[in-house]
Amino acid sequence: MRLLLIHARSFSFEVRDKAVENPEPLTEELKRGSADNTLVVFTTVEENDNDSPSFLERVADDVLDVAGKVKASSVFLYPYAHLSPNLAPPPKAITILNALYETLKGKASIPVYRAPFGWYKAFNISCLGHPLSELSRTITPQESAPQ
Ligand SMILES: C[C@@H](O)[C@H](N)C(=O)N[C@H]1[C@@H](O)[C@H](n2cnc3c(N)ncnc32)O[C@@H]1CO
């Protein structure tokens with residue numbers, strides 16, 4: 001899994017067109033969203049990722065560690081198919097992303113939001129620019145498997 005974490009003064013998105021054959025069904029609340037002082041987590045699910053609790057908890061712990069360090073008021077999970085050449089196919093990716101979202105919500109003491117899967121989206125982001133405001137992570141299940 002590849003993550004790009006941006007600590008943003010403000011972030012907003014709005015859905016545009018379908019980007020895959022079967023995108024996530026849109027509810028009113030998923031069509032657009034915004035947050036201030038939020039940690040935006042652009043997330044690419046890779047072909048070797050899985051939805052094992054040990055792996056997802058490792059990802060969630062890393063994200064929430066950053067959110068705590070930068071004192072973000074929320075986390076914004078954003079499906080993003082551009083951070084790896086080894087993409088998981090959409091059915092697997094949406095399953096893992098939704099499991100990660102639930103894991104984050106279960107662990108976080110701050111709100112966790114998400115953007116919908118499988119859509120082109122317009123977005124605005126205002127990066128705060130402090131030393132921890134732009135971070136990337138590559139987390140793979142092999143690293144969390146018991147030795
Ligand atoms: C397109 C661009 O503007 C938008 N931001 C976008 O990337 N949309 C992606 C994700 O929402 C999702 N998606 C598909 N495969 C994956 C994957 N392996 N990991 C994460 N998301 C995926 O499907 C869309 C098209 O690839």
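May I ask you to give the percent of accessible area on region 7-107 that is carbon plus sulfur, with a probe radius of 1.4 Å? If you can, show how the numbers build up before the last one.
On the way: 2370 of 5010 Å².
Carbon and sulfur together cover 47 percent of it.
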Item to check | MRE, 222 nm, helices only [DSSP H, n ≥ 4, -39500 (n - 2.57), over the chain, to nearest 500] | outcome: -8500 deg cm²/dmol
Item to check | Within the chain: Cβ-based charge dipole about Cα centre, in debye rounded to nearest 20 (Lys, Arg +1; Asp, Glu -1) | outcome: 380 debye
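Which order do the peptides 103-111, 73-81 come out in when sorted by mean C-beta neighbours inside 10 angstrom, highest first?
Numbers: 103-111: 15.2, 73-81: 20.6.
Descending mean neighbour count gives 73-81, 103-111.
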Next on the checklist: Using Cα-Cα distances under 8 Å and only pairs 6 or more residues apart, what relative contact order does the chain have, in percent?
Outcome noted: 42 percent
Checklist entry - Near the amide H of residue 88, under 5 Å away, which other amide H atoms are found, from residues 5 or more places off or on another chain, if H is placed in the peptide plane? => result 45, 46, 47
Next on the checklist: Positive end of the dipole of the chain, charges at C-beta (+1 Lys, Arg; -1 Asp, Glu), about the Cα centre: which of 56, 67, 26 has its Cα farthest in that direction?
Outcome noted: 67
Next on the checklist: Could you tell me how far the Cα centroid of region 64-93 sits from the Cα centroid of region 34-61, in Å?
Outcome noted: 4 Å
Checklist entry - Charges only on Cβ, +1 for Lys and Arg, -1 for Asp and Glu: so what's the dipole of region 1-46 about the Cα centre, in debye to the nearest 20? => result 180 debye
Item to check | For residue 114, distant residues with modelled amide H under 5 Å away | outcome: 77
Checklist entry - To two decimal places, what compactness ratio does the chain give when its Cα radius of gyration is scaled by 2.2 N^0.38 Å? => result 0.98
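Send over a whole-number figure in Å² for the accessible area per residue of the chain, probe 1.4 Å.
Numbers: 7660 Å² over 147 residues.
Per-residue accessible area for the chain comes out at 52 Å².
The values are calculated or read from the model by the stated rules, or taken from the named source; none is laboratory data. Just so it is clear, the model here is predicted, and its values are computed rather than measured. Glycine also receives a Cβ, built like all others from the backbone with ideal geometry; neighbour counts cover every protein chain displayed. Surface accessibility is based on the protein's heavy atoms, side chains included, excluding ligands, DNA and RNA. Shrake-Rupley method; radii C 1.70, N 1.55, O 1.52, S 1.80 Å.
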